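Structure first, then comments.
The values are calculated or read from the model by the stated rules, or taken from the named source; none is laboratory data. Everything quoted here is computed from the prediction, not taken from an experiment. Using ideal geometry, Cβ is built from the backbone for each residue, glycine included, and neighbour counts are taken over all protein chains shown. Quick note on the areas: whole protein, heavy atoms, side chains included, nothing else; ligands and nucleic acids left out. Shrake-Rupley method; radii C 1.70, N 1.55, O 1.52, S 1.80 Å.
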Amino acid sequence: MFGPFERAVAGRYLHARRGERFVSVIAIFSLVGIALGVATLIIVMSVMNGFKADLLGRILGLNGDLSVYGISRTISDYDALAGRIRKVPGVESANPLIEAQVLLNSGGYNAGGLVRGMTQADLQGLKEISGSLVAGSLDEFGSDDTIVVGTTLAERAGLSVGARLTLVSPNGAATAFGTMPRVRAYRVIAIFDAGVNDYNASYVFLPLHAAQIYFQMPRQVTQIQVMTHDAENVGPIRANIEQALGGTQVRVMDWTQSNNAFFGAVQVEQNVMFLILTLIILVAAFNVISSLIMMVKDKTADIAVLRTLGATRGAIMRIFLMCGASVGVTGTFVGTGLGIVFCLNIEHIRQGLQKITGTDLFNPEVYYLEHLPAKLVWAQVFEVIAMALVLSLLATLYPSWRAARTDPVEALRHE
């Protein structure tokens, strides 16, 4: 498509001579603009992919892919129901538990919290908790006075292994003076770091038997937490569970329903950020148009001479297409390399910037996660590359067409 003559002339035009530096400077800025636009788009999309994947993994790891709730708030025959659920294809585990809100009290610290009552075996199988203990162990979990808390709660309340944490539930016994809240202190046997600040600050775990006694739910649970082998395709599994539990007074809800608003907002934000950051590449493409138009204006006499020597309009157009496309292609691949390297080392870069500036650039209390995640999705990277190349190519069409339409007679006469 591009002959040796056209490549040679295009290469000569890209090396500015004295008096042509201004056009070269604009081309360099266009290249830098495209590179920064591509790199920024890859970095932002990768960070949002990582944020979504990390948050989804942690939320599902603690809350399960599906939950089975009783129509009358509690489930009595939970062992039988859990056994039927485990037989459904695609189900990894089904764990009965009690979940209820309480007031957490320790000394002068008071805050709302969420209690989860689970068996020792089920808590051991919950790797987000059992695999992230920073103090203590789960060996004693099972006694009626034991409790497991998160690191943020332990720091705020001044708790350590062996300390006492008091739970206050508003659903107490009715007396002549009104409803009296239930109050009981539990001994901290382990402290976990789930990686999500909200869970570390508000979630506490009790043995299932102790939770049944405290919340006055003998031989009852509030839900059955279900883990599957494929959380992304949880819909068919939910339908199979509903069919397996047909005739029982329960309802099944998966993570796409319970967290639909949250993850929907993340997806909308990701799409909007993609559109906004694409404008950076679009602005750089306009710079390519400007620099190429100025080059065509500057090379009018050269174009006329080339035409008189036998160069066709197609050859002239291809020469300037190569001049503009070389800027776009170079900027695209430089930006791609920069974005990939940045994503692969983003946590080290963040820590380095924190040391230099002395500020916390990723507060876990605001962003829910303990570190800055980045997940490269190669399909998205190729989409960004393709989009940048197409915009760069489109930016060269009009100036190249104008150069090919130059009348050599008129150009030489004015020259």
- Item | Qualifying helices (runs of 4 or more DSSP H) (wholly inside region 363-415; at least 2 residues being more than 18 Å from Met295 (Cβ to Cβ) and at pLDDT 65 or above) | 378-404, 408-414
- Residues located in region 17-66, provided they are among the polar types (S, T, N, Q) and at pLDDT 85 or above: Thr40, Ser46, Asn49
- Message: If Val334 satisfies all but one of (1) at pLDDT 85 or above; (2) among the β-branched types (Val, Ile, Thr); (3) over 30 Å from Lys52 (Cβ atoms), what's the number of the condition it fails?
- Response: (3)
- Test Gly83 against the stated conditions and say whether it is open to solvent by less than 40 Å² (accessible area, probe 1.4 Å), free of Cβ contacts under 8 Å to residues at least 12 places away in the same chain and at negative phi. yes
- Message: Just to be sure before I move on: is Val38 assigned to a helix (DSSP H, G or I) and crowded, with 20+ Cβ neighbours inside 10 Å in the structure I sent?
- Response: yes
- Which residue pairs have Cβ atoms under 9 Å apart, sit 6 or more places apart or on different chains, and have a first residue in region 241-257 that is over 19 Å from Val221 (Cβ atoms) and a second that is of a type in the set (S, T, N, Q) and part of a strand (DSSP E or B)? Trp255/Ser67
- Message: Please determine whether any residue of region 225-237 is open to solvent by less than 50 Å² (accessible area, probe 1.4 Å), more than 28 Å from Gly117 (Cβ to Cβ) and in a helix (DSSP H, G or I).
- Response: yes
